[in-house]
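Enquirer: Take this structure first; my questions come after.
The values are calculated or read from the model by the stated rules, or taken from the named source; none is laboratory data. Keep in mind the model is a prediction, meaning the values are calculated, not measured. Every residue, glycine among them, receives a Cβ derived from its backbone with ideal geometry; neighbour counts consider all protein chains shown.
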Amino acid sequence: MRRSCRLAAVAVASAFAVSSVASAAYLSADFESDTVNLPPSSASYYPNAAPNYAKVIDSASTPAAERIGGAGNQSLQLEDMSDPNDVRVGFQGGAGGIVGQGYFATKLFITKDGTLNKPGLEIRLGSGPSAGSIGVWLAHYGGAGLVDANTFNAFDNPVSVNAPHALVINFDTATDKYSGTIDGNPLTMGGGAITQFNFTSNQSLLETVLMVSGCSSTSASRVFVDDIVLDAGAIPEPASMGLVIVATAINDVLWSKKSGRRCMRRPDDPILPERGDLCDASNPVLHSWNCLLSLASSRF
């Protein structure tokens, strides 16, 4: 494999590095090793009993199948179809918590169909087994989108029901503020004017993620969550990830021009037949992406 192709692969792979950090995170849960139809083994707090409780499901589960990852994936379902009490599940990390900068990330799917009156979800980042001391407190009521549950001020960003979403929250316990993205778009208020938000209460550390479904006695909902991560540091903004790719592509161009080499490609490449020009380092963007595609179809 040519070095230019290696660089292209590294460039694109760096944009997806976030998904690989969960295994080493302070707190993480992907539910893949959990038993279907039971509460997740990684949960530290689940006070509800069947049929309204938090349980792990897969694509074959009934009456509601997994909605986030498709066949072969397991996720967490918070089901509140008849019980007026909230359905809760908490995840608590180890000693010490996250002090200073950290981030929370998860995938969401909130349902609304003919059998459901109103979707409802709360996410609380705090301390204690049930996140009783709350730092970041977000909620989704009805189909309007996310709100800061402390102030009930709505974010500008729409968060539709019956659709998957990716939520990331960056926080800092030194300043008691947070920011975030939904589906890669920055969370804002005031038509984009406000991008940083205050904690619900000052926190010296964050150690617990609490998920709540069915936020009032009149709500009925199924909420699906997956790939929960709470860790120190910060997830780079999309623009920063773009700079990584561009910088690596430039490095790739300089090396390729010096060597005069082109990207390796199988003669019978099904993805890029007779398109060696697009793999040429003179086009850095196409070179990075098409080298990756070419490598995916090559034998190493």
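Enquirer: With respect to ILE98, determine if the residue is under 14 Å from VAL223 (Cα atoms) and either at pLDDT below 95 or crowded, with 19+ Cβ neighbours inside 10 Å (or both).
Expert: So ILE98 fails the test.
Conditions tested, residue by residue: (1) farther than 29 Å from GLY94 by Cα; (2) in the same structural domain as GLY93 (by TED's automatic domain parsing); (3) among the aromatic types (Phe, Trp, Tyr).
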{"site": "GLY132", "(1), (2), (3)": "no, yes, no"}
{"site": "ALA139", "(1), (2), (3)": "no, yes, no"}
{"site": "PHE152", "(1), (2), (3)": "yes, yes, yes"}
{"site": "ASP156", "(1), (2), (3)": "yes, yes, no"}
{"site": "ASN162", "(1), (2), (3)": "yes, yes, no"}
{"site": "GLY190", "(1), (2), (3)": "yes, yes, no"}
{"site": "GLN196", "(1), (2), (3)": "no, yes, no"}
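Enquirer: Same structure again: Does GLN203 count as surrounded by 20 or more Cβ atoms within 10 Å (Cβ to Cβ), of a type in the set (S, T, N, Q) and under 23 Å from SER133 (Cα atoms)?
Expert: yes
Enquirer: Here's something else I'd like to know. Restricting attention to region 135-155, does a residue exist that is in a strand (DSSP E or B) and over 20 Å from PRO186 (Cβ atoms)?
Expert: yes
Enquirer: Restricting attention to region 72-87, which residues are among the hydrophobic types (A, V, I, L, M, F, W, C) and either surrounded by fewer than 24 Cβ atoms within 10 Å (Cβ to Cβ) or at pLDDT below 90 (or both)?
Expert: Result: LEU78, MET81, VAL87.
Enquirer: Among LYS107, LYS112, which is modelled with pLDDT of 90 or more, surrounded by 13 or more Cβ atoms within 10 Å (Cβ to Cβ), among the charged types (D, E, K, R) and in the same structural domain as GLY132 (by TED's automatic domain parsing)?
Expert: On inspection, the qualifying residue turns out to be LYS107.
Enquirer: Report, by residue number, each residue of region 45-66 that is within 21 Å of the chain's Cα centre (by Cα), at pLDDT 90 or above and part of a loop (DSSP other than H, G, I, E, B).
Expert: ASP58, SER59
Enquirer: Can SER19 be described as modelled with pLDDT under 85, in contact with a strand residue (DSSP E or B) (Cβ under 9 Å, 6 or more places away or on another chain) and outside any loop (DSSP other than H, G, I, E, B)?
Expert: When the stated conditions are applied, SER19 passes them.
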